[in-house]
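Every read-out reported here was derived from the displayed coordinates using simple, explicitly stated rules and does not represent laboratory data. The structure displayed is predicted, hence computed values, not measured ones. Methodologically, a virtual Cβ is constructed for each residue, glycine included, from the backbone with ideal geometry; neighbour enumeration extends over all protein chains shown.
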Amino acid sequence: MRNAYGIVLREQAEQNAVLDRGSDTFVFPLTRNIPNLLTLLRMCAAPVLILFLMERNYGVAAFLFLVAGITDALDGWFAKRFDCVTRLGTILDPIADKMLIITAYIVLALLGDIPLWLMLIVGFRDLGIVGGYLILQTIHDEMPPQPSLLSKLNTLAQITFVLIVMINKIGWIPLSDVVNVLLWSVAFTTLVSGFHYIYRWFIRSDTAES
């Protein structure tokens, strides 16, 4: 009787182990791809943002831009927290960020809500960063260094500026003075961080190799 009971327990344990392994093979790939899915959603938000801005629906556009910014922070946290950083994600994440930011700046400049020169500075700097990522991966087959504190401050300033401009256009709160301060903050940090990227990626790396 004891032997039969022991056999039943062993079979039940083996069945549970098989079920657990099957669950892991399903859950782990799904968990591993959640950051990439959030990144793709952020990329899909760019054309939707264009539509709302062209309709001058600043309320919905601001909400969409804010949610996209939250997913940016969320996918990075998720990837590091659950150790599911992928090569595809490291490539798509900066592209999605720059796509959304450049889209917002281009449309706001076309609508006359922000200066054209600011859009050009932000656009060319961000396109240069994406190009730098691709160049380093093609030539050196390596991942570029993580964004510096200066670059993170610049990204925060760019996102905050877009949100404040939209909220100011809604008319709920007069934020013209804040918009002006943020405008020059974005311009300054964009230029400085852009030169910093050039130094870190190309000048310092070439010096180290030589």
Note, ³J(HN,Hα) from phi for segment 35-42, Karplus 6.51, -1.76, 1.60, rounded to Hz, x at Gly and Pro: x, 5, 5, 5, 5, 5, 4, 5
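Highest mean first, how do 59-65, 174-180, 113-119 rank when packing is the count of other Cβ atoms within 10 Å averaged over residues? Spell out each step's value before the answer.
Numbers: 59-65: 19.1, 174-180: 12.6, 113-119: 16.0.
Highest mean packing first, the order is 59-65, 113-119, 174-180.
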What distance in nm separates the two pseudo spin-label positions at residue 44 and residue 124, each 7 Å out from Cα along the beta-carbon direction? 3.5
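Place the peptides 40-50, 159-169 in order of packing, highest mean first, counting for every residue the other Cβ atoms within 10 Å and averaging per peptide.
Working: 40-50: 16.4, 159-169: 20.5.
Taking the mean over residues of other Cβ atoms within 10 Å, the ranking is 159-169, 40-50.
How do 98, 80 rank when sorted from fewest to most other Cβ atoms within 10 Å of their own Cβ? Kindly include the intermediate steps, with their values, before the conclusion.
Working: 98 21, 80 11.
Fewest-to-most ranking of 98, 80: 80, 98.
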Could you give the nm distance between label points at residue 91 and residue 149, where each point is 7 Å from its Cα heading toward the beta carbon? 3.3
At 7 Å along the Cα-to-beta-carbon direction for both residue 199 and residue 173, put a label point, then send me their distance in nm to one decimal. 3.5
Residues of segment 61-76 with backbone N under 16 Å of the label point set 7 Å from the Cα of residue 51 along Cα→Cβ are 61-65
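I need the calculated FRET efficiency for the pair residue 60 and residue 135, taking r as the beta carbon distance and R₀ as 45 Å, to the nearest 0.05. Intermediate results must be reported in sequence, preceding the final value.
Working: r = 37 Å, r/R0 = 0.82.
Approximately 0.75, to the nearest 0.05.
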